[in-house]
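The values are calculated or read from the model by the stated rules, or taken from the named source; none is laboratory data. Model, not experiment: these values are computed from the prediction. Neighbour counts run over all protein chains shown; Cβ positions are idealised from the backbone, glycine included. Side chains included, ligands, DNA and RNA excluded: accessible areas come from the protein's heavy atoms. Shrake-Rupley method; radii C 1.70, N 1.55, O 1.52, S 1.80 Å.
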Amino acid sequence: MNKVILKPGREKSLKRRHPWVFSGAIAHVEGRPESGETIEVDSADGARLALAAYSPQSQIRARVWTWGDAEIDASFFSRRIADAASARAALHIDEAGDAMRLVHGESDGLPGVVADRYGDTAVMQILSAGPERWREAIADGLYALPGIARVWERSDADVRELEGLEPRSGLARGSPLPGSPVIHEHGLEFRVGIDAGHKTGFYLDQRDNRLLLRKLALGQDVLDCFSYTGGFTINALRGGAKSLLAVDSSALALDMARENAKLNGLPDASFLEADAFKSLRLLRDQGRSFDVIVLDPPKFAPTAAHAERASRAYKDINLFAFKMLRPGGFLMTFSCSGGVSAELFQKIVAGAALDAGVDARIETWLHAAADHPVTLNFPEGEYLKGLLCRVAA
Ligand code: SAH
């Protein structure tokens, strides 16, 4: 087996079971491993640390498959996928509906693999060279899960470019799709654009936070910024919001949000196709106010290198939100930037409240739903950070 040998001292993070080997940690490569090939990772003194997938073009040069000596073959993937499914079963994720994250990358022991279930369709995303090489085995593993009638591939994320991989999407296993699937989540229905939507089509991580918004919404004027296909909007309408304004820059997403409102027999909301930064400023200048505001922006900082610019962007939108909240109002605010820690995010939000001149407290921290596990020693796995804040009455 080909090997990478680490520089002295660079085995530390691997010994703590952090699953990435950065190019700068490698002293030399033994043999000529191909893209995605399984290699051995050795410390400088020759101790075998892990088996990993080799990514010749990426800064993350290898991602660990196993710390032990399990053979990396097709059955390895079907076992890991089956194990991921049984963790979801143990947690009864299906009680919330028929959509869930089936495989959550590193945290399910499958770096570079994401799979979401939408009814009887599994949507698979392959994001790095290792799983690209095992694509057939991964598709088979998903297709073998009970209740799965097809596997649809959405391997078209930008991160594939960093690995030198071409985009690919379409049916990978099973019967053709009868149309975009409609999923059920906490008693609501959502149409999911698995072929054209973001990522695999829907943001399952926010499931329980959307339910929390539903509880807060009765009789309230609600603003949902970065609304996408209406995950939060539809919940607020079901919860009896008095008025709802949803803002997103994507016309396609807003069309689906409108359709989702209809699908659930809910009253129409106001949908505004606009840049949320500009809209927030404009609404504030118009003297508008709200009882509940949701801010669920896209990733501003993929890595820590972008943290400063991202911090300013988070500060801006949270500042405007605080300025428009009525006394006793709630702000549900999120960051899904890997480069912004929970601690930094809290500081940014606290700074925004201070500058807005409001007293606010954190009612509770918000997290991704339980089908989005986080491996210990892989802090990058906890990408979604959220705060529910209440402005003093
Ligand atoms: N809250 C949603 C997910 C939000 S995803 C849910 O629960 O489903 C982020 C959204 O922000 C996307 O729909 C994207 O179109 C939108 N977006 C990105 N940049 C934007 C901008 N500058 N102004 C408004 N919307 C933006």
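Okay, here's what the table says:
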{"item": "Subset of the stretch 104-140 [in a strand (DSSP E or B) and hydrophobic (A, V, I, L, M, F, W, C)]", "result": "Val113, Val114, Ala115, Ala122, Val123, Met124, Ile126"}
{"item": "Residue match in the stretch 228-235 (condition: modelled with pLDDT of 95 or more, within 12 Å of the ligand (Cβ to nearest atom) and loosely packed, with under 15 Cβ neighbours inside 10 Å)", "result": "no"}
{"item": "Matching residues in the stretch 266-283 - criterion: being open to solvent by less than 70 Å² (accessible area, probe 1.4 Å) and away from the ligand (no atom under 15 Å from the Cβ)", "result": "Leu266"}
{"item": "Top-ranked residue in the stretch 206-223 [being under 20 Å from the mean Cα position of the chain (by Cα) and more than 7 Å from the ligand (Cβ to nearest atom); ranked as surrounded by the fewest Cβ atoms within 10 Å (Cβ to Cβ)]", "result": "Asp208"}
{"item": "Top-ranked residue of the stretch 292-304 - restricted to ones that are of a type outside the set (Gly, Ala, Ser) and surrounded by fewer than 22 Cβ atoms within 10 Å (Cβ to Cβ), ranked as farthest from Phe190 (Cα to Cα)", "result": "Thr303"}
{"item": "Breaking point among (1) within 12 Å of the ligand (Cβ to nearest atom); (2) part of a strand (DSSP E or B); (3) touching a Cys at 6+ places or on another chain (Cβ under 9 Å), for Ile293", "result": "(1)"}
{"item": "Number of the exception - Ala307 against (1) closer than 25 Å to Thr364 by Cβ; (2) among the hydrophobic types (A, V, I, L, M, F, W, C); (3) in a helix (DSSP H, G or I); (4) within 14 Å of the ligand (Cβ to nearest atom)", "result": "(4)"}
{"item": "Ser58 being out of contact with any Leu (no Cβ under 8 Å at 6 or more places or on another chain) and of a type in the set (S, T, N, Q)", "result": "no"}
{"item": "Test for Glu189: is it crowded, with 22+ Cβ neighbours inside 10 Å, within 15 Å of the ligand (Cβ to nearest atom) and of a type in the set (Asp, Glu)", "result": "no"}
{"item": "Qualifying position, being among the charged types (D, E, K, R), in a helix (DSSP H, G or I) and open to solvent by 20 Å² or more (accessible area, probe 1.4 Å), among Arg32, Arg79, Arg101", "result": "Arg79"}
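A quick yes/no check of all residues on (1) more than 22 Å from Pro298 (Cβ to Cβ); (2) touching a residue at least 40 places away in the same chain (Cβ under 8 Å); (3) away from the ligand (no atom under 13 Å from the Cβ); (4) open to solvent by 60 Å² or more (accessible area, probe 1.4 Å):
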site: Glu163; (1), (2), (3), (4): no, yes, yes, no
site: Gly174; (1), (2), (3), (4): yes, no, yes, no
site: Ile183; (1), (2), (3), (4): no, yes, no, no
site: Gly240; (1), (2), (3), (4): yes, no, yes, no
site: Ser249; (1), (2), (3), (4): no, no, no, yes
site: Leu252; (1), (2), (3), (4): no, yes, no, yes
site: Asn260; (1), (2), (3), (4): no, yes, no, no
site: Asn264; (1), (2), (3), (4): yes, yes, yes, no
